[in-house]
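First up is the structure itself, then whatever we jot down about it.
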Amino acid sequence: MSLDDSLAILRALGDPTRVRLLAVLDGEELTVAELQRVLDVPQPRVSTHLSRLKETGFALDRVDGPHRYYRRADGASSPSARAAWSALYDSLDGDAQLARDRTRRDAVLAERRGAGQSWIDRVAGSLDRHYSPGRTWESLARAMALVPDLGDVADLGAGDGAIAELLAPAARRIVGVDASARMVEAGRRRLKRAQLAHVELVQGDMHAPPLDDASFDFVLLQQSLQYATDPARVLVQVARILRPGGRTLVVTLAAHRHDEVRATYGHVHLGFRPAQLAKFCRAAGLEVLHLTSAGRERRPPQFEALALVGRKPKTKEPRR
């Protein structure tokens, strides 16, 4: 590569706005108007920087009807350009501005895709393929390692049954409860395809699940507690439906300050502190067996998941 070409690459990456554009275009396509909303800079300025990124091979565009979509060119213009961008992007891991840009980008994309639907309804039937803060396979795997031998399972906030399907081989019976009719409908189709006769989904509120007292060995709350209007009441219900000696696993977001996720994902709470979870658990009459981090995401804003394992005390036998 010539000196002029090398300097052109460095100049292209030497502007903060162009770096922000490339970061939010990582794996996504957006229009100029959408990029203007994400970056909160004048639209002419966005267009000018996109033209420069196209000239240097860092960005591509395509026309779809009345819209022109821009994306980052994965191949860039040369191996040197790819290496330069990769080195720069890695060095910015954890940057607060880029994290805010990504959060706004996700909100803009959710608005475009949703057309008025809630995030819950938009992902019904494909919940396992969609990201939401803290809802990672790593957090679930780390948490589930604490709780073998499931027995009869209640999954509160079960979504479309993706987790129930995953746990089915380790459970005698699973009943999933979710408030969204669309989620329940999609989950029933999923379970029918998987031929899991011992797993069922019912529509209901996790604050008052339509489940019998003392009928489950294990109750799961996988990234559902942040949707509860009254988390303490949900834990009381967990204690009600657990058999004596039964356990619960609560996997939820740790407390954070990213209020934007509330609008995007419909959360009621911005996560929880460990002391809050322990308080809810003990107030419901449950023992806290484990309370630990279930993993922190590597990409900004690095959401962390918490895992709590609680147990309903066994009934004391009367003295003879």
List, please: which pairs have Cβ atoms under 8 Å, are six or more places apart or on different chains, and start with a residue in region 248-261 that is without any contact (Cβ under 8 Å) to a residue 12 or more places away in the chain and more than 16 Å from A228 (Cβ to Cβ) and end with one that is surrounded by fewer than 18 Cβ atoms within 10 Å (Cβ to Cβ) and among the polar types (S, T, N, Q)? none
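Could you list all residues from region 170-186 that are touching a residue at least 60 places away in the same chain (Cβ under 8 Å) and either buried (at least 17 other Cβ atoms within 10 Å of the Cβ) or of a type in the set (S, T, N, Q) (or both)?
Residues of region 170-186 touching a residue at least 60 places away in the same chain (Cβ under 8 Å): 180, 182-183, 185-186.
Hits for region 170-186 are S180, R182, M183, A186.
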Checking L35 against (1) touching a residue at least 40 places away in the same chain (Cβ under 8 Å); (2) in a helix (DSSP H, G or I); (3) under 29 Å from the mean Cα position of the chain (by Cα), the condition it does not meet: (1)
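Here are some residues: E260, E304, E287. Which one is in contact with a Pro (Cβ under 9 Å, 6 or more places away or on another chain), among the charged types (D, E, K, R) and assigned by TED's automatic domain parsing to the domain that holds V238? Even if it seems obvious, please write down each step before you answer.
On the way: E260 fails: in contact with a Pro (Cβ under 9 Å, 6 or more places away or on another chain); E304 fails: in contact with a Pro (Cβ under 9 Å, 6 or more places away or on another chain).
Going through E260, E304, E287 in turn, just one is in contact with a Pro (Cβ under 9 Å, 6 or more places away or on another chain), among the charged types (D, E, K, R) and assigned by TED's automatic domain parsing to the domain that holds V238: E287.
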Report yes if T264 is part of a loop (DSSP other than H, G, I, E, B), among the hydroxyl-bearing types (S, T, Y) and out of contact with any His (no Cβ under 8 Å at 6 or more places or on another chain), otherwise no. no
Which residue is farthest from Q226 (Cα to Cα), if the candidates are limited to region 267-291 and must be free of Cβ contacts under 8 Å to residues at least 24 places away in the same chain and assigned to a strand (DSSP E or B)? V288
Please go through region 10-32 and pick out each residue that is part of a helix (DSSP H, G or I) and more than 14 Å from R102 (Cβ to Cβ). L10, R11, A12, P16, T17, R18, V32
Tell me the residue from A197, A232, A208, A158 that is in contact with a helix residue (DSSP H, G or I) (Cβ under 7 Å, 6 or more places away or on another chain), surrounded by fewer than 23 Cβ atoms within 10 Å (Cβ to Cβ), in a loop (DSSP other than H, G, I, E, B) and modelled with pLDDT of 90 or more, please. A208
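The values are calculated or read from the model by the stated rules, or taken from the named source; none is laboratory data. Here the structure is a predicted model, which is why all the values come from computation and not from measurement. Positions of Cβ are backbone-derived with ideal geometry, glycine not excepted, and every protein chain shown enters the neighbour counts.
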